[in-house]
Amino acid sequence: MAGKNRRESTGVTLADLSKPSPWRRQHGGFSPPSYDADPDTGAVITHHRAVDTLGLMLSNRTISPEMYDAGTMFRLHFRSARLGSFGVSSLARMPGKSTRGMSTQHMQAGIKVAEAIEVLGGSDSAAGSCAWHVLGTEASVREWAMRQGWGGRPVAPPQAQGILVATLCVLAAHYGLLSRPRAT
């Protein structure tokens, strides 16, 4: 029987990697997947997108489209500035690239984030902390409220959502998306 290498079945089934895991599905809804083609190989790529906090609040009419746009602008500046806990691929592995310094675009985005945080009352204020964690690092409102909160103290989720709405309103005015009423 020397040539028979039979694998014994371990009974372990592999998860379908084309779908979100059960753990991920419990943390919120997903929009229908979008399909794209890889530009290099032409292979079909499936994108599963989680419903974000701002999108959910906009669909529930908790916030206005201008407030949604302000939150999205802050998030884009935050990502461009490479702030938070987002992992960044090392440029040292790419031929002809270096890791020295930040580009002008990254520095300008960082200045915009700093200006927005300052308008919100600084990083120690409730609005500044909410903007950094909920809009910037994309933590959920509940996660920010229970873990970080304001000044290290937990905040009840309904109050945390109110803080986020106020933050978005101030950001919308800061970015010039809302018209300010004039006294007559």
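The values are calculated or read from the model by the stated rules, or taken from the named source; none is laboratory data. Worth saying up front: this structure is predicted, and the values here are computed from it rather than measured. Cβ coordinates were reconstructed from backbone atoms using ideal geometry, including for glycine residues, and neighbour counts include every protein chain displayed.
Yes or no, residue by residue, for (1) part of a loop (DSSP other than H, G, I, E, B); (2) modelled with pLDDT of 75 or more; (3) over 24 Å from Y175 (Cα atoms):
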position	(1), (2), (3)
T41	yes, yes, yes
T72	no, yes, no
R79	no, yes, no
G84	yes, no, no
V88	yes, no, yes
G96	yes, no, yes
M107	no, yes, no
G110	no, yes, no
I117	no, yes, no
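I'd like to verify a number: residues in segment 134-171 that are in contact (Cβ under 8 Å) with a residue 24 or more places away in the chain and not aromatic (F, W, Y), how many?
Adding up the residues that qualify gives 20.
For segment 147-180, which positions are closer than 18 Å to T137 by Cβ and among the aliphatic types (A, V, I, L, M)?
V155, A160, I163, L164, L168, L171
Exactly one condition in (1) of a type in the set (S, T, N, Q); (2) at pLDDT 85 or above; (3) surrounded by 17 or more Cβ atoms within 10 Å (Cβ to Cβ) is false for S59; which is it?
Evaluating S59 over (1) of a type in the set (S, T, N, Q); (2) at pLDDT 85 or above; (3) surrounded by 17 or more Cβ atoms within 10 Å (Cβ to Cβ) leaves (3) as the failure.
Answer yes or no as to whether M102 is under 30 Å from L177 (Cα atoms), at pLDDT 90 or above, surrounded by 10 or more Cβ atoms within 10 Å (Cβ to Cβ) and out of contact with any Asp or Glu (no Cβ under 8 Å at 6 or more places or on another chain).
The answer is no for M102.
Which residues, counting only those in segment 129-164, are assigned to a helix (DSSP H, G or I), closer than 18 Å to I63 by Cα and either aliphatic (A, V, I, L, M) or touching a helix residue (DSSP H, G or I) at 6+ places or on another chain (Cβ under 7 Å) (or both)?
Those that are assigned to a helix (DSSP H, G or I), closer than 18 Å to I63 by Cα and either aliphatic (A, V, I, L, M) or touching a helix residue (DSSP H, G or I) at 6+ places or on another chain (Cβ under 7 Å) (or both): C130, A131, V134, L135, G136, V141, R142, P157, A160, Q161, I163, L164.
Does S140 satisfy being among the polar types (S, T, N, Q), under 26 Å from P158 (Cα atoms), surrounded by fewer than 20 Cβ atoms within 10 Å (Cβ to Cβ) and at pLDDT 85 or above?
For S140, the condition - among the polar types (S, T, N, Q), under 26 Å from P158 (Cα atoms), surrounded by fewer than 20 Cβ atoms within 10 Å (Cβ to Cβ) and at pLDDT 85 or above - is not met.
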